[in-house]
Amino acid sequence: MLDGSAEALMLRPLSKQQSEEKTVARQSTLYEPSRHSAQSYEDILASDLVPSPDFYREGENPPAELESYATSRYYDPAFFQKEVKYLWPKVWIWACREEEIPNVGDHMVFDIAGYSLLIIRSSDNEIKALHNSCLHRGRQIIECDGKGAKALRCPFHGMAWNLDGSLKFNPFAWDAPQWDEQETRLPEALVSTWGGFVFINMDLSAAPLEDTLGPIPDHFSRYDLENRYKAVHVSKKIRANWKASTEAFMETHHVVGTHPQGLAMTADSNTQYDHPSEYVGRQICAHAVQSPHISEELAQQDIFDAFFGSGQHDVDDESKLIVPDGMSARAYAAHVMRTQLSSITGEDYSHAGDAEFTDSLMYNVAPAMSFWAGFYQNIVYRFRPNGTDPETSIMDIVILRPVPKDGPRPDPVPIMHLDFDEPVTLAGATMGEGLAVVFEQDAVNLPWVQKGLRASRTGTVEFTHYQEMRLRLHHRLIDRLIEEGEAEK
Ligand code: FES
Ligand SMILES: [Fe+2]
């Protein structure tokens, strides 16, 4: 550290007045990034039998500045209104999968922070995102997802639009001369696609999606998300601000407290973080390696059994699999998963690295999306405010799986909507019981986070030095977008 004194590490709590006046309290001192004394992720990677691509290695990180953030950012309606006005209409976010709207007229309704967009395949080669609000008296035009629409008709007084948003019919045109001169098309948002996802951006002058995704299209070209199918989609309401929900999935410090059952096969303190671009931060956590929180050395067989016994990774073979002498649990787990995936897809994965089967390599795309790399299955998250409520949010969990070799391509699953008090374990049959338990542990925790944020006496949240660096950068980006929006007023 540049200054290792205990005093230098202490963060002074803000006074109540300060935390109300400032959305961010900055500590300007820079530190060398903290690292746990355990082996690094790169050490683990270096001992793999089959190496992974270079992009698994640690990339750039910005200077490690410590900052405290006001807890009010998670519940203050005034701060939330700034996000509604300057953040959500300015960013790229995925709205649905292309496979969900394969034919002309197929559509999905995507609601976010009080905005409603209709994502519709308007022709064979075009997808539109139309603001889902009638130009007459504002009724939401389309209420729910649907197939094969021929026109978009408002149920209130019957105005109708073509699929591309141009006006089709106005039953009271004789009484509405203003539309002889005013625009009659439905306003639209930008649309772009990557990896089979349809992204929207309400800012018509926004930079292209590629600028937000940074290195993702290049790195994910190995995993071909476009041709995978949506095998799981859970949309879960949570009683916590969208940032609290998002941030619960941006670090592995919480494994020891929230998911202790995973410690025997999760190298949590060894997790590697980096920031390839302003919008993209990465987290790479090794699995089939024991946690440094477990002081005694576990047998490789116990680690292997924990990896598959966690319920987060399926194994087809009912018989007990024995880690060969001299082989690590990690290498054998990768071998088992590689062989299993080959039997499903008929493809050869001998070139695919061990880490590409065992580890969670997650790309967070600000402000609220995550994509897991790797060959076996790809988990995708999306977080958003629940309507206009600062204190509740919606988490979408999608799992993309490779298409079996005997085809045909499975249809995308319908969305399973879970209300506040419905547990994620209701989705255990499709996502895997162990994985559902993990998500439920996170979901149960979050309302208590929200309650505690309101009750805080310091008025700040503290992010740790290295592992929670991305959370600080997340807040910095939110602040930048708000500051830019306010400056444009
Ligand atoms: S509100 Fe839509 S036609 Fe009147
Ligand atoms: Fe978690």
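The values are calculated or read from the model by the stated rules, or taken from the named source; none is laboratory data. Not measured: the values here are computed from a predicted model. Glycine gets a Cβ as well: all are built from the backbone with ideal geometry, and neighbour counts include every protein chain shown.
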Residues to consider are THR460, THR392; find the one that is farther than 27 Å from GLU58 by Cα, buried (at least 17 other Cβ atoms within 10 Å of the Cβ), among the β-branched types (Val, Ile, Thr) and touching a helix residue (DSSP H, G or I) at 6+ places or on another chain (Cβ under 7 Å).
THR460
Selection from the stretch 290-320 of residues of a type outside the set (Asp, Glu), modelled with pLDDT of 90 or more and part of a loop (DSSP other than H, G, I, E, B) yields GLN290, SER291, PRO292, HIS293, ILE294, SER295, LEU298, ALA299
If the Cβ limit is 8 Å and pairs must be 6+ apart or interchain, which residue in the stretch 404-423 that is touching a residue at least 12 places away in the same chain (Cβ under 8 Å) pairs with which residue that is of a type in the set (Gly, Ala, Ser) and surrounded by fewer than 12 Cβ atoms within 10 Å (Cβ to Cβ)?
LYS405/GLY346
Strands (runs of 3 or more DSSP E) contained entirely in the stretch 356-468, each with at least 1 residues that are of a type outside the set (S, T, N, Q) and within 30 Å of THR339 (Cα to Cα):
360-365, 369-372, 378-386, 389-401
What is the residue count in the stretch 423-442 for residues that are within 14 Å of ligand 2 (Cβ to nearest atom) and out of contact with any Phe, Trp or Tyr (no Cβ under 9 Å at 6 or more places or on another chain)?
8
What is the one condition in (1) under 29 Å from ASP54 (Cα atoms); (2) in the same structural domain as VAL398 (by TED's automatic domain parsing) that GLY195 does not satisfy?
(2)
What tally of residues in the stretch 264-290 results from selecting those that are within 13 Å of ligand 2 (Cβ to nearest atom) and either without any contact (Cβ under 8 Å) to a residue 60 or more places away in the chain or outside the structural domain of GLN441 (by TED's automatic domain parsing) (or both)?
2
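Here is a yes/no grid of residues against (1) assigned by TED's automatic domain parsing to the domain that holds SER245; (2) farther than 30 Å from SER456 by Cβ; (3) more than 16 Å from ligand 2 (Cβ to nearest atom); (4) over 33 Å from the mean Cα position of the chain (by Cα):
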| residue | (1), (2), (3), (4) |
| --- | --- |
| ALA70 | yes, no, yes, no |
| ARG97 | no, yes, yes, no |
| VAL109 | no, yes, yes, no |
| TYR115 | no, yes, yes, no |
| ARG121 | no, yes, yes, no |
| ASP124 | no, yes, yes, no |
| GLY148 | no, yes, yes, no |
| PRO177 | no, yes, yes, yes |
| GLU183 | no, yes, yes, yes |
Could you give every pair whose Cβ atoms fall below 7 Å, whose first residue belongs to the stretch 150-171 and is in a loop (DSSP other than H, G, I, E, B), and whose second residue is more than 8 Å from ligand 1 (Cβ to nearest atom) and of a type in the set (Asp, Glu), counting only separations of at least 6 or pairs across chains?
GLY165/GLU188
Residue hits (the stretch 67-107; in contact (Cβ under 8 Å) with a residue 40 or more places away in the chain and farther than 29 Å from MET469 by Cα) are CYS96, ARG97, GLU98, GLU99, GLU100, ILE101, ASN103, VAL104, GLY105, ASP106, HIS107
In the stretch 192-249, which residue that is among the polar types (S, T, N, Q) and buried (at least 23 other Cβ atoms within 10 Å of the Cβ) is nearest to ARG470 (Cα to Cα)?
THR246
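Among the residues of the stretch 369-381, what is the count of those that are under 8 Å from the mean Cα position of the chain (by Cα) and surrounded by fewer than 22 Cβ atoms within 10 Å (Cβ to Cβ)? Break it down into steps so the answer makes sense when it comes.
In the first step, residues of the stretch 369-381 are kept if they are under 8 Å from the mean Cα position of the chain (by Cα); the result is 369-371, 380-381.
Cutting the leftovers down to surrounded by fewer than 22 Cβ atoms within 10 Å (Cβ to Cβ) gives us 370, 381.
Here the count works out to 2.
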Taking LEU135, is it of a type in the set (A, V, I, L, M) and either within 16 Å of ligand 2 (Cβ to nearest atom) or surrounded by fewer than 18 Cβ atoms within 10 Å (Cβ to Cβ) (or both)?
no
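Could you pull out every one of the strands (runs of 3 or more DSSP E) wholly within the stretch 175-260 that has 2 or more residues that are more than 19 Å from HIS275 (Cα to Cα) and without any contact (Cβ under 8 Å) to a residue 12 or more places away in the chain?
none
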